[in-house]
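**Student:** After the structure tokens below, expect a handful of questions from me.
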Amino acid sequence: MPSIKLSERLDAIARLVPSCGGVADVGTDHGYIPVWLAQNGHNGAIFATDIKKAPLEHAKQTALEHGQDGKIGFYLCDGLEALDGANTGTVIIAGMGGENIADILSAAPWTREKKPLLILQPMSKSSCLRKWLYENGYRVLSEFLVDDGTIYEIFTAQTGQDVPYSPAELLTGHKELICSSPLFEARLQNLIEREQRAAAGLAASSKAEDIARLSEVQTILRSLLELKNGQA
């Protein structure tokens, strides 16, 4: 059977999965990560879930084409609702917005109670996800940046008390976890330029809501500049 080839983003996610223990891939889409895990001898149950029937059928077909259909459990469900965490030591939630990821975790309190490793890759609103994790008893363990045509953020988390975030770190991740990434400086500069553009636009507005928003943006910008200058 042919070996499945993953994109840089999916490969980085898959390689974070421990070699043993059950793993659930939420929103599996075409099922590439579960099939890769099965092909590479993962020792433990492999679950693939998706809220839509068509992607789940695609995932089943991917598994069949690569001779791994008997090694993966497929579930048509919203997030993790079909799983109780009894045999799940790792949860992957990738390729969706940060707020959506938070909603999935919120609906599955066992992800806090049973302490699985969470591998998270938000496509947007990563600051909202970090804030939610901090406020709901999860600690971010590691942060990664991957260039796959776009810069993607990947982080791992688990039950625990995290340290507070600065306004900048909600966007970048904790400095001590992310600053060694070769992509960090370029991403930080992009964030600074984004907030500078936002501040300039808001400063030119006379709307009350824009004036209020300007103060928030300026606070974030100061924090990002402090992070760049090593003051944070």
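**Student:** Return the label of the correct value of Cα extents along the principal axes in Å, as calculated from the structure shown, out of (i) 75, 35, 29; (ii) 60, 35, 33; (iii) 53, 46, 34.
**Tutor:** Read-out from the structure maps to (ii).
**Student:** Now for a different question. How far apart, in nm, are two points set 7 Å out from the Cα along the Cα-to-Cβ line at THR219 and at ALA203?
**Tutor:** 1.9 nm
**Student:** Continuing with the same structure: Restricting to DSSP H runs of at least four residues, report the calculated mean residue ellipticity at 222 nm for the chain, -39500 (n - 2.57) per run over all residues, nearest 500 deg cm²/dmol.
**Tutor:** Helices in the chain give a 222 nm mean residue ellipticity of -13000 deg cm²/dmol.
**Student:** Taking the Cβ of each residue in HIS58, HIS174 as the centre, tally the other Cβ atoms inside 10 Å and list the residues starting with the fewest. Please report the intermediate quantities before stating the final value.
**Tutor:** Details: HIS58 17, HIS174 21.
So the ranking, lowest neighbour count to highest, is HIS58, HIS174.
**Student:** Give the distance, in whole Å, between the Cα centre of the stretch 113-167 and the Cα centre of the stretch 29-68.
**Tutor:** 24 Å
**Student:** Separate question: Taking 0.36 nm per intervening residue step and subtracting the Cα-Cα distance, what contour gain separates ARG139 from GLU113 on full extension?
**Tutor:** Gain on stretching ARG139 to GLU113: 8.0 nm.
**Student:** Can you list the trypsin sites (Lys or Arg not before Pro) in the stretch 196-232 that are in a DSSP coil and have 13 or fewer other beta carbons within 10 angstrom?
**Tutor:** On the way: sites: ARG197, LYS207, ARG213, ARG222, LYS228; in loops: LYS207.
Of the trypsin sites (Lys or Arg not before Pro), the ones in loops of the stretch 196-232 whose Cβ has at most 13 other Cβ atoms within 10 Å are LYS207.
**Student:** Please work out how much length the chain gains when fully extended from ASP148 to LYS71, using 0.36 nm per residue of separation minus the C-alpha to C-alpha distance, in nm with one decimal. Don't skip to the end; give the middle numbers.
**Tutor:** On the way: separation 77, 0.36 × 77 = 27.72 nm, distance 2.85 nm.
Extra length from ASP148 to LYS71 when fully extended: 24.9 nm.
**Student:** Grab the beta carbon distance between LYS5 and GLU81, set R0 = 35 Å, and tell me the FRET efficiency rounded to 0.05. Don't skip to the end; give the middle numbers.
**Tutor:** Values: r = 31 Å, r/R0 = 0.89.
With a Förster radius of 35 Å, E is 0.65.
**Student:** Compute the length gained on full extension between SER180 and ASP103: take 0.36 nm times their separation in residues and subtract their Cα-Cα distance, giving the result in nm to one decimal. Don't skip to the end; give the middle numbers.
**Tutor:** On the way: separation 77, 0.36 × 77 = 27.72 nm, distance 3.03 nm.
So the chain would gain 24.7 nm between SER180 and ASP103.
Every number in this text was worked out from the coordinates using simple rules, so none of it is lab data. The structure presented is a predicted model; accordingly, all values stated were derived computationally and were not measured. Neighbour counts are summed over all protein chains in view; Cβ atoms, including those assigned to glycine, are modelled from backbone coordinates with ideal geometry.
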